[in-house]
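Asker: Have a look at the structure that comes next, please.
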Amino acid sequence: MMTFFIQLLNSIQYGFLLFLVASGLTLVFGIMGIINLAHGAFFMFGAYLVYWLTGVVDNYFVGILLGLPIMLVMGYVIERLAIARLYQRDHLYQVLLTYGLILILNELQKILWGSDFYSVPVPAVLDGSIALTETQAYPVYRLFISVVCMLVAAGMYVVIARTRLGMIIRAGSVNREMVQSLGININRFYAIVFSAGAALAAFAGMIGAPVSSVYPGMGDQILIISFVVVVIGGIGSVKGAFVGAMIIGLADTFGKVLIPDFASMAVYATMALILMWRPQGLFGRA
Amino acid sequence: MNTRASRLIRYFLISNLLLLVAFPWVGEHFYVGLVMNMMIFGILAMSLDLLIGYTGLVSLGHAAYYGLAGYLLAIISPESEAVSIWLALPFCILGTALAALIIGWFSVRTSGIYFIMITLAFAQMLFYYFNENTDLGGSDGIFIFFKPSVTLGSITLLDLDNHIVFYYFILVCMLLVYFLLRMLLASPFGQVIQGIRANENRTRALGYPTFYYKLVSFVIAGSIGGLAGFLEGMHGGIVSPGHLGWHESGLILMIVILGGMGTLYGPIMGAFAMIFLQDWFQEITVHWMLLMGVFVIAVVLFLPRGIAGLIEDLAAKLDKSVTDSNRPATQKNGESGDG
Amino acid sequence: MTAELILETRDLTRTFGALVAVDKVSLQFRRGQVHAIIGPNGAGKTTFINLLSSDIDTSFGSIHFNGQDITDLPPDKVSRLGIGRSYQKTNIFPEFSCLQNCWLGAQSRLPTSMRFVRPARLYDEVREHADKALRDCGLYQRRNTVAAHMSYGEQRQLEIGMMLATNPQLLLLDEPLAGMGQEESFEIIELLKKLAEDHTLILIEHDMDAVFSIAQQLTVMVNGQVLETGSVEQIRNSKAVHEAYLGEDEDES
């Protein structure tokens with residue numbers, strides 16, 4: 001029973017991390033109509049940045065604080081230089097261009113940090129565990145991840161539901177022309193959304209780094225899983241991304257327990273089942 | 001159809017074909033092998049073009065069929081002797097066709113970005129299946145020790161272990177696929193899928209159950225992708241999860257666009273150009289992926305119609321009398337020549 | 001009025017969220033007649049046609065074609081039963097030639113197009129139907145022109161030609177004159193008159209002169225509901241219709 005409870009906590013923690021990545025992906029599609037394969041690379045860069053910066057300044061939290069602005073700028077620059085040329089183009093070309101970006105970003109990662117696996121130590125403050133029974137305990141850091149993600153998710157909710165920026169985001173995901181008619185500088189707005197999405201993905205990579213290692217190709221893996229999340233939830237829906245992330249978190253964690261040999265397939269089987277029932281995803285518009 | 005520009009393109013293609021036929025007699029062993037690789041990717045890219053360029057379905061999981069056929073070949077090949085091609089080829093192609101049928105059944109009812117994401121996710125599902133299946137070599141992959149034998153009774157018809165024989169075997173396969181697809185595109189079926197690409201709702205309103213046409217197109221494309229995987233399994237002698245991975249799917253997609261989608265000869269040329277570049281970039285630097293990434297972005301931004309687009313523009317410039325195609329109901333790019 | 005029924009709707013309803021676009025419409029259409037549906041913008045006319053052709057799903061009620069319930073059939077089956085339609089917003093294959101556009105229409109009457117070997121151009125029966133449709137819609141001379149390169153009016157003609165190529169019994173025409181100049185309108189009206197000789201037409205149109213010159217039956221829709229239906233004479237003399245809709249037109253004519 002306690003093992004089940006621990007697995008459940010793990011699912012939720014993984015689900016929250018996925019949500020941070022997937023929400024950026026789904027927002028960028030919903031608002032800008034862009035399918036961004038390079039989104040996973042932002043996650044990877046976040047993880048490598050925090051590994052590197054933590055080494056430099058010797059403080060994990062300062063590492064995150066220094067890393068986030070770098071990712072915001074990186075997102076902004078990529079949007080202006082490459083993505084901005086794709087708004088009028090077919091999805092096919094968006095897929096290809098962002099595929100080209102992945103090749104570049106993956107190679108940059110290799111040039112900067114090599115092909116080794118790294119680990120980021122859990123910060124001392126959070127390096128403990130809570131005893132659940134006499135023999136089982138749950139690491140504090142994993143709880144910390146869940147709590148931080150919950151705060152970010154709540155923050156996103158407030159921004160989207162309550163602020164002017166959120167109003168534009170909501171309007172934009174329903175009707176792009178409307179945003180233009182509101183007299184908003186659409187270029188800057190898109191760049192902001194894109195770079196915020198990049199920072200969200202990177203942040204997920206940063207706070208996830210101490211529990212998973214930092215390695216080449218980690219971006220590709222999270223990207224595909226995030227796609228599954230977005231497809232399940234309904235493309236463009238943040239609420240869908242949340243529900244989808246939780247479902248995939250559960251499927252992945254319990255897949256590992258129930259069918260350890262083919263755990264990764266559990267996620268895709270879940271997707272297939274949901275799509276059989278609702279081809280447009282749980283919260284997608286038909 | 002019979003304009004001089006299209007005839008120019010045809011001559012150009014035929015002369016290229018002649019070069020291909022002559023190549024094994026003049027080229028170095030390594031490069032003959034490389035050209036085999038190019039031709040295999042040509043087959044694979046043509047099959048994807050049937051989906052993207054003619055049916056309007058952008059699949060980002062096409063490597064699944066390519067890799068799956070390789071695994072099927074590995075499964076049916078005994079370790080100590082060659083399997084008969086009469087058994088292995090149908091097994092691999094029917095196996096991939098079945099996989100395409102199942103995956104297509106789910107994905108073809110969606111469109112646009114959903115289709116892209118779902119085909120990708122299914123391909124990854126297969127990737128993880130083989131990646132985690134230690135019986136099939138896990139992430140290292142599995143060897144195919146002997147090429148299938150082509151015998152009739154006790155007579156050996158083709159010795160595929162012979163480098164040159166195998167080269168021509170692949171070349172013939174590529175030509176067969178090319179003409180098979182031309183036949184398909186000119187048939188009533190071909191008219192319908194091209195209608196779907198241009199305007200699916202209207203095609204349905206005209207009385208076509210478009211779902212089934214898309215599904216059949218998907219299965220045909222998957223099966224031909226399977227043929228490419230079968231050849232690659234023989235050629236490389238090993239199949240690994242990387243063959244099914246989404247980087248491979250991205251590469252095929254890139255080949256189709258580089259060559260020019262919506263033509264059949266374009267993807268073949270794209271395959272030759274891409275494999276050549278890959279080989280060249282790898283010689284220049286260990287960070288060749290960086291160059292490849294820049295190249296991919298440059299093609300998307302500056303050469304959206306691909307090599308075929310360049311060739312058609314050039315041919316049209318050489319002959320200004322290009323008029324609208326006179327032939328009714330032919331494929332969209334009626335100008336493309338044979339060979 | 002005694003001609004047999006070809007199409008009947010019973011309480012046909014379509015809602016979009018809280019909006020009832022088509023509200024319990026029960027109408028009868030008789031073989032060989034031209035039945036026009038008029039009404040202000042937003043009355044639900046196009047939605048009604050979309051329901052008949054199954055382009056959108058019915059929320060409630062039923063549609064019967066030649067006595068068969070076709071409510072839940074997909075649009076391709078509806079088309080194959082002999083209901084052809086044209087769209088208000090031109091809906092053609094822009095990158096195909098006129099012949100290819102009509103070809104796809106004609107080819108859909110083969111028992112199946114799941115034929116993979118013989119080239120399509122060798123199917124003479126398809127060619128005959130496509131050519132006939134091109135002649136009927138007046139585009140035979142333009143058969144090899146790519147649709148996207150033609151004028152708006154010609155594209156509207158092609159829209160009708162594609163529909164004719166499917167050899168329908170019943171034609172659903174959604175504002176065939178939309179956006180056309182006087183000359184072009186005249187040609188289309190003549191075409192519609194010719195088609196009316198051997199087809200049943202259900203026509204949405206704003207041009208009242210055109211409607212009165214072609215239609216025998218008229219239905220007036222307002223807010224998704226049928227305000228009045230009957231012969232052209234009945235509608236001309238209907239007080240309710242005058243008040244709601246026809247008033248100004250009548251003064252002019």
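So that you can scan it fast, the table gives a plain yes or no per residue for (1) over 12 Å from residue B:306 (Cβ atoms); (2) over 14 Å from the mean Cα position of the chain (by Cα); (3) surrounded by fewer than 24 Cβ atoms within 10 Å (Cβ to Cβ):
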residue	(1), (2), (3)
B:226	yes, no, no
B:231	yes, no, no
B:240	yes, yes, yes
B:268	no, no, no
B:274	no, no, no
B:280	yes, yes, yes
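Asker: Pairs, please: C-beta under 6 Å, at least 6 apart or cross-chain, first residue aromatic (Phe, Trp, Tyr) and in the stretch A:1-26, second in a helix (DSSP H, G or I) and open to solvent by 10 Å² or more (accessible area, probe 1.4 Å)?
Answerer: A:16/A:146; A:19/A:242
Asker: Which of the following residues is within 14 Å of another protein chain (Cβ to nearest Cβ), buried (at least 19 other Cβ atoms within 10 Å of the Cβ) and under 13 Å from the mean Cα position of the chain (by Cα): A:240, A:208, A:234, A:219?
Answerer: A:219
Asker: Can you spot a residue in the stretch B:64-71 that is open to solvent by 10 Å² or more (accessible area, probe 1.4 Å), part of a helix (DSSP H, G or I) and modelled with pLDDT of 95 or more?
Answerer: Looking through the stretch B:64-71, at least one residue is open to solvent by 10 Å² or more (accessible area, probe 1.4 Å), part of a helix (DSSP H, G or I) and modelled with pLDDT of 95 or more.
Asker: With the structure loaded, tell me whether residue C:144 is polar (S, T, N, Q) and surrounded by fewer than 19 Cβ atoms within 10 Å (Cβ to Cβ) or whether it fails that test.
Answerer: yes
Asker: Suppose the filter is more than 14 Å from chain B (Cβ to nearest Cβ), touching a Pro at 6+ places or on another chain (Cβ under 6 Å), in a helix (DSSP H, G or I) and crowded, with 19+ Cβ neighbours inside 10 Å; does residue C:188 pass it? Break it down stepwise before answering.
Answerer: On the way: more than 14 Å from chain B (Cβ to nearest Cβ): yes; touching a Pro at 6+ places or on another chain (Cβ under 6 Å): yes; in a helix (DSSP H, G or I): yes; crowded, with 19+ Cβ neighbours inside 10 Å: yes.
Here the answer is yes, as residue C:188 does meet what is asked.
Asker: Just wondering, is there one or more residues in the stretch A:59-75 that are part of a loop (DSSP other than H, G, I, E, B) and farther than 30 Å from residue A:254 by Cβ?
Answerer: Taking every residue of the stretch A:59-75 in turn, at least one turns out to be part of a loop (DSSP other than H, G, I, E, B) and farther than 30 Å from residue A:254 by Cβ.
Asker: What's the number of the only condition in (1) open to solvent by 10 Å² or more (accessible area, probe 1.4 Å); (2) assigned to a helix (DSSP H, G or I); (3) free of Cβ contacts under 8 Å to residues at least 24 places away in the same chain that residue B:292 fails to meet?
Answerer: Against the list (1) open to solvent by 10 Å² or more (accessible area, probe 1.4 Å); (2) assigned to a helix (DSSP H, G or I); (3) free of Cβ contacts under 8 Å to residues at least 24 places away in the same chain, residue B:292 comes up short only on (1).
Asker: May I ask you to say which residue of B:250, B:207, B:190 is touching a residue at least 12 places away in the same chain (Cβ under 8 Å) and crowded, with 24+ Cβ neighbours inside 10 Å? It would help to see each step written out before you state the result.
Answerer: Numbers: B:250 fails: crowded, with 24+ Cβ neighbours inside 10 Å; B:207 fails: touching a residue at least 12 places away in the same chain (Cβ under 8 Å).
Just a single option satisfies the conditions, and that option is B:190.
Asker: Please determine, by comparing only the residues of the stretch C:69-93 that are of a type in the set (Ser, Thr, Tyr) and open to solvent by 20 Å² or more (accessible area, probe 1.4 Å), which one is farthest from the other protein chains (Cβ to nearest Cβ). Give the derivation first.
Answerer: Here is the first cut: in the stretch C:69-93, the ones of a type in the set (Ser, Thr, Tyr) are C:71, C:79, C:86-87, C:90.
Okay, now just the ones that are also open to solvent by 20 Å² or more (accessible area, probe 1.4 Å), so C:87, C:90.
Values: C:87: 8, C:90: 10 Å.
Filtering first and then ranking leaves C:90.
Asker: While we're on this one: Check residue C:207 against each of (1) within 22 Å of residue C:105 (Cα to Cα); (2) free of Cβ contacts under 8 Å to residues at least 40 places away in the same chain and name the one condition it does not meet.
Answerer: Failing condition for residue C:207: (1).
Asker: Got a number for residues in the stretch A:120-153 being in contact with a Phe, Trp or Tyr (Cβ under 8 Å, 6 or more places away or on another chain) and part of a loop (DSSP other than H, G, I, E, B)? Full working, then the answer.
Answerer: Taking the stretch A:120-153 first, the residues in contact with a Phe, Trp or Tyr (Cβ under 8 Å, 6 or more places away or on another chain) are A:120-123, A:126-127, A:129-130, A:132, A:145-146, A:149-150, A:152-153.
Still in the running and part of a loop (DSSP other than H, G, I, E, B): A:120-123, A:127, A:132.
Result for the stretch A:120-153: 6.
Asker: Residue check, residue C:118 against (1) assigned to a helix (DSSP H, G or I); (2) of a type in the set (Lys, Arg); (3) over 19 Å from residue C:202 (Cα atoms), all met but one. Which one?
Answerer: Here residue C:118 meets the rest and fails (1).
The values are calculated or read from the model by the stated rules, or taken from the named source; none is laboratory data. Not measured: the values here are computed from a predicted model. Cβ: placed from backbone, ideal geometry, glycine included. Neighbour counts: every protein chain shown. For the accessible areas, the whole protein counts, side chains as well, though only heavy atoms, and no ligand, DNA or RNA atoms are used. Shrake-Rupley method; radii C 1.70, N 1.55, O 1.52, S 1.80 Å.
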